[in-house]
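S.K.: Let me give you the structure first, and then I'll get to my questions.
The values are calculated or read from the model by the stated rules, or taken from the named source; none is laboratory data. Because the structure is a prediction, the values reported are computed rather than measured. Cβ sites come from the backbone with ideal geometry, for glycine too, and all protein chains shown count toward neighbours. For accessibility, only protein heavy atoms count, side chains too; no ligands or nucleic acids. Shrake-Rupley method; radii C 1.70, N 1.55, O 1.52, S 1.80 Å.
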Amino acid sequence: MNKRINFLALVFIIASIIAILAMTFIAGVGGEYLKDSKYDTRTIRSYEIVKRGNIYDRNGELINSTDYVDGKYIRKYNYSSLYAHAIGYMDKKYGTTAIEKTFDDVLQGRGSASTRTKLLNKIYKEKEGDHLIISIDHNLQKIAKEALGKESGAVVVTDPNSGEVLAYYSSPTFDEKDIESENNSESSGLLDRVKNARYTPGSVFKIITALDMLENNYNEKIIDKGVVKIGEGTISNAGGIRYGEIGLKEAFMHSTNTYFAEYAYKNINSLVETTNIISDLISASCNSFGFKIEKGNDFSNAIAGIGQGKITASPLAINMITQAVYNGGYFYQPKMVSYSWSRDFKVRKEYKSNKVKLPFEKKHFELIKEMMIEVVDSGTAKGYGLKKSGGKTGTAELANNKYNYWFTGFSDENNPKIITVVVDNVSYSGYNKAIEIFKKISKQNIVN
């Protein structure tokens with residue numbers, strides 16, 4: 001009997017130790033895994049008892065703030081839906097997204113918040129967070145929304161000298177105060193098209209195909225007949241135009257499909273390798289380039305060279321490679337938060353952006369930059385009245401007789417800007433609205 005009692009006592013002691021260790025893990029290490037999840041009731045409660053820090057644009061415009069209503073704090077979105085994807089939301093049920101998530105500790109006055117804020121919170125037994133100043137220009141953000149209008153698509157604008165994001169707008173958007181309705185609707189408003197969409201890029205991808213050509217010392221002249229049969233399919237130029245004898249410069253300027261397609265099916269492995277190198281360096285910031293080749297399918301491989309078929313890209317990825325062209329071979333990782341202020345605005349912490357150099361010849365980027373200027377002056381973007389700019393047009397054909405219209409480029413008209421625009425899933429009209437949006441944005445001054 002004594003042995004049985006001793007055994008049960010031992011089992012009880014061991015079980016108690018295990019329970020204590022488990023509780024300690026959950027309260028300590030495990031808490032870090034639960035933090036910000038919908039199962040972490042501490043985080044949910046903190047949203048109501050902490051005066052979350054404000055978020056301002058680069059010029060001090062108040063974007064997101066916190067109000068005290070009926071004994072609890074609630075997040076206020078001063079420009080509902082305008083910054084829904086760029087800044088994100090804070091919701092008791094669905095948590096946080098975008099900047100509101102990445103900088104949650106700062107805004108809540110804990111973790112990576114300023115030492116001064118955490119000290120003041122202890123002294124005064126208050127709970128307040130630090131404030132954020134983002135790089136977006138509020139005026140430019142409004143213009144991006146107005147220019148895109150009711151169309152589905154995305155606009156992203158960056159500063160090539162710093163990587164600062166100056167505008168970031170995805171349409172359709174959503175109301176940050178009513179995430180429940182958006183989750184239960186058939187709309188795709190929650191999708192951040194700037195960073196996460198997987199678009200067929202069309203001819204803007206010819207920037208990368210051209211880079212691969214130059215890296216392989218390819219600048220052959222061909223006799224373009226307006227159409228070419230490769231494998232089981234036929235590839236034609238827009239409007240079936242015949243350009244006669246052309247080289248890379250003329251083919252890029254006029255976006256000649258036959259020229260790039262013939263190169264791609266003969267050099268698909270090289271093109272894939274170049275794309276993957278670029279994609280790996282960009283992928284830390286967004287959905288980069290998706291590229292699938294079909295062995296033995298010459299037609300599929302050929303149309304990849306013109307940005308069709310089994311190839312995808314996000315607008316932000318296209319923006320970053322455009323920035324690399326403008327800069328001569330490097331880009332900055334996108335930076336949307338410039339700095340944080342302590343709760344009393346006395347301590348400032350700046351955030352830097354990493355510079356990323358692509359392992360290709362600088363002179364090749366310089367040549368592509370010259371060709372992009374020719375596109376505006378004499379090529380497919382001629383007649384739109386663009387000034388001090390270069391770019392690349394794109395019309396990606398979709399399976400449902402719809403199209404994605406693209407334009408990506410650089411403008412020095414009023415401050416250097418890298419601007420990428422896509423208007424998606426529209427009927428063909430021959431008129432590229434993306435260029436008009438680019439034009440409106442390029443004319444705007446940015447206050448530094």
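S.K.: Using alpha-carbon pairs under 8 Å, 6+ residues apart, how would you state the relative contact order of the stretch 164-320 in percent? The partial results should precede the final answer.
M.R.: Values: 233 pairs, mean separation 46.0, N = 157.
Relative CO of the stretch 164-320 lands at 29 percent.
S.K.: Taking Cα atoms, how many degrees apart are the long axis of helix 2-27 and the longest axis of the chain, rounded to 10 and kept between 0 and 90?
M.R.: 50
S.K.: Tell me, what is the FRET efficiency for Val426 and Lys142 to the nearest 0.05, using R0 = 22 angstrom and their Cβ-Cβ distance as r? Mind showing how you got there, number by number?
M.R.: Details: r = 23 Å, r/R0 = 1.03.
Result of the calculation: an efficiency of 0.45.
S.K.: GNM on the chain, C-alpha springs below 10 Å: top fluctuator among Gly385, Gly290, Gly329?
M.R.: So, out of Gly385, Gly290, Gly329, the one fluctuating most is Gly385.
S.K.: Can you work out the accessible area per residue across the chain, with the rest of the protein chains kept in place, probe 1.4 Å, in square angstrom?
M.R.: 47
S.K.: Give the angle, between 0 and 90 degrees and rounded to the nearest 10, that separates the Cα long axis of helix 315-327 from the longest principal axis of the Cα atoms of the chain.
M.R.: Result, in degrees: 60.
S.K.: Let me ask another. For the stretch 92-148, place one equal point scatterer on every Cα, skip the solvent, and apply the Debye formula. What is log10 of I(q)/I(0) at q = 0.15, 0.16, 0.18 Å⁻¹?
M.R.: After summing over all Cα pairs, the log10 values are -0.60, -0.65, -0.73.
S.K.: When you take every Cα atom in the stretch 68-217, what is the radius of gyration, and what is Dmax, the widest Cα pair distance, in Å?
M.R.: Final numbers for Rg and Dmax: 19.4, 69 Å.
S.K.: If I stretch the segment between Ser65 and Glu215 completely, what's the gain in nm (0.36 nm per residue apart, minus their alpha carbon distance), one decimal?
M.R.: Numbers: separation 150, 0.36 × 150 = 54.00 nm, distance 5.00 nm.
Going from the current span to full extension adds 49.0 nm.
S.K.: Report relative contact order for the chain in percent, whole number only (criteria: Cα-Cα under 8 Å, sequence separation at least 6).
M.R.: 16
S.K.: Please list, or write none, the aspartates and glutamates whose alpha carbon is within less than 16 Å of the alpha carbon of Lys225, excluding same-chain residues fewer than 8 places away.
M.R.: Lys225 reaches Glu245, Glu250, Glu262.
S.K.: Tell me the volume per residue, in Å³, of the convex hull enclosing the alpha carbons of the chain.
M.R.: Convex hull volume per residue, Cα atoms: 205 Å³.
S.K.: Rounded to the nearest 10 degrees, what's the angle between the helix 268-282 long axis and the longest principal axis of the chain, both from Cα atoms, 0 to 90?
M.R.: On a 0 to 90 degree scale, this one is about 40.
S.K.: Can you give the helix-only mean residue ellipticity at 222 nm for the chain, where every DSSP H stretch with n ≥ 4 adds -39500 (n - 2.57) and the sum goes over all residues, rounded to the nearest 500 deg cm²/dmol?
M.R.: After summing the helix terms and dividing by residue count, I get -11000 deg cm²/dmol.
S.K.: Residues of the stretch 76-107 with backbone nitrogen within less than 14 Å of a virtual label 7 Å along the Cα-to-Cβ line of Asp178, please, listed as ranges.
M.R.: In the stretch 76-107, the label zone of Asp178 (backbone N under 14 Å from the point 7 Å along Cα→Cβ) covers 80-81.
S.K.: Normalised by the number of residues in the stretch 98-156, what is the relative contact order in percent for Cα pairs under 8 Å and 6+ residues apart?
M.R.: So the answer I get is 24 percent.
S.K.: Springs between alpha-carbon pairs under 10 angstrom, Gaussian network model over the chain: which of Val376, Val347, Val106 fluctuates most?
M.R.: Val347
S.K.: Roughly speaking, what is the stretch gain from Lys443 to Lys363, that is 0.36 nm per residue apart minus the C-alpha to C-alpha distance, in nm to one decimal? Write down the numbers at each step before the final one.
M.R.: Numbers: separation 80, 0.36 × 80 = 28.80 nm, distance 2.87 nm.
Length gained, Lys443 through Lys363: 25.9 nm.
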